[in-house]
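Enquirer: One structure, as structure tokens, below. Some questions next.
Values quoted throughout were computed directly from the atomic coordinates according to the rules given, and no laboratory measurement underlies them. Note that this is a predicted model, so its numbers are computed, not measured. No Cβ is skipped: glycine too gets one built from the backbone with ideal geometry, and neighbour counts run over all protein chains shown.
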Amino acid sequence: MAARLQNKVACITGAAQGIGAGIAEAMAKEGAQIIIGDINDNGAQSLAKQIGANAVHLDVSSQEDWQALQDHVEEQFGRLDILVNNAGLELVKPMQDHSLAEWRKVMAVNVDGLFLGCKTFEALLRESGKPGSPASVINISSIAGLVGYPDQLAYNTSKGAVRHMSKSLAIEWAAHGDAIRCNSIHPGCIRTPMLEMAVDGWVENGSVPADDPWSAVAALCPLNTVGLPEDIAMGAIYLGSDESRFVTGIELVIDGGWVAR
């Protein structure tokens with residue numbers, strides 16, 4: 001059986017660890033050529049070496065960094081079939097404790113970064129996509145973009161923006177006749193460094209017990225488990241492959257049933 005992403009070029013942001021790393025590893029196994037964009041240079045280089053990928057420094061809030069990444073991709077590969085906007089920033093504290101600077105930092109990474117990525121790579125994605133094999137933009141949102149959670153106002157708001165931006169771009173590109181699909185993935189509780197930081201915050205505010213927080217988190221999920229990065233990667237492979245050529249503007253929820261309750 002042929003690899004599902006054979007001959008495709010994929011750029012994944014925030015892929016030095018967590019969900020992004022899981023997606024990069026899984027897509028490489030399915031035959032894609034991978035470019036990792038991350039502010040964590042050591043982590044990105046280490047993973048790139050493991051999976052035979054390219055690693056490029058990327059602060060997603062920097063237009064200059066995005067342009068440098070685009071130049072690298074065009075020079076090295078001449079095309080881009082899949083863009084995964086995964087880089088994200090968490091903030092766990094009550095609204096009254098949010099500073100304006102903290103709010104803006106979350107928005108700069110989680111919202112501006114996605115906008116800059118799509119804007120920078122739009123032309124190359126358009127050139128690479130074709131009828132029957134369109135290019136694919138996959139934006140990693142969260143179940144926090146679908147339902148509210150306490151003490152996460154900036155994060156929740158940013159992930160809601162990711163959801164709606166994905167739908168808007170899906171319709172815009174389709175209306176213009178561009179062979180580019182755009183979808184969002186909404187992970188639930190996935191065991192990553194970001195979730196570990198969030199769980200620490202939940203312990204502090206009393207949302208979960210300090211003695212066994214992870215069992216408490218798992219118990220909140222109908223499947224009574226916490227997900228892994230590879231669970232999200234399987235959804236990303238589907239959305240990046242031609243198997244999903246007729247899929248655009250959807251929100252793929254991978255959360256063990258959390259928001260279905």
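Enquirer: Starting from the 7 Å offset along Cα-to-Cβ, what nm value, one decimal, do you get for the label separation of Asp59 and Leu100?
Expert: 2.1 nm
Enquirer: Another question about this same structure. Within 15 Å, Cβ to Cβ, of Glu196, how many net charges do the neighbouring residues add up to if Lys/Arg are +1 and Asp/Glu are -1?
Expert: Residues near Glu196 contribute -3 overall.
Enquirer: Also, I was wondering about something else. Pop out the Kirkwood hydrodynamic radius of segment 57-157 from its pairwise C-alpha distances, inverse of mean 1/r, in Å to one decimal.
Expert: When all Cα pairs of segment 57-157 are included, the Kirkwood radius is 14.9 Å.
Enquirer: Same structure again: Which value in nm describes the separation of the simple spin-label points at Met234 and Arg261, placed 7 Å from the Cα toward the beta carbon?
Expert: 2.3 nm
Enquirer: Which three lengths, in whole Å and largest first, does the chain cover when its Cα atoms are put on their principal axes?
Expert: Sorted largest first, the three principal extents are 51, 42, 39 Å.
Enquirer: Take Leu169, Leu116 and order them by how many other Cβ atoms sit within 10 Å, fewest up front.
Expert: Working: Leu169 25, Leu116 20.
Ordered by Cβ neighbours within 10 Å, fewest first: Leu116, Leu169.
Enquirer: For segment 119-261, which semi-axes, largest first and in whole Å, follow from the square roots of 5 times the eigenvalues of its Cα gyration tensor?
Expert: One finds semi-axes of 33, 15, 12 Å for segment 119-261.
Enquirer: Would you kindly calculate the mean projected area, averaged across all directions, of the convex hull enclosing the Cα atoms of segment 133-172, in square nanometres?
Expert: Orientation-averaged projected area of the Cα hull: 3.1 nm².
Enquirer: Direction-averaged shadow area of the convex hull around the Cα atoms of segment 18-81, nm²?
Expert: Over every viewing direction, the Cα hull of segment 18-81 projects on average to 4.3 nm².
Enquirer: How large is the convex hull of the C-alpha atoms of segment 165-245 per residue, in Å³?
Expert: Convex hull volume per residue, Cα atoms: 116 Å³.
Enquirer: Give the value in nm², to one decimal: projected area of the alpha carbon convex hull of segment 1-55, averaged over all directions. Please list the in-between numbers first.
Expert: Values: hull surface 12.8 nm².
One quarter of the hull surface, i.e. the mean projection, equals 3.2 nm².
Enquirer: Still on this model: Please give the calculated 222 nm ellipticity per residue for the chain, where each DSSP H segment of at least 4 residues contributes -39500 (n - 2.57) and the sum is spread over every residue; nearest 500 deg cm²/dmol? It would help to have the intermediate numbers written out before the result.
Expert: Numbers: 9 runs with 115 residues, N = 261.
Estimated from H runs of four or more residues: -14000 deg cm²/dmol.
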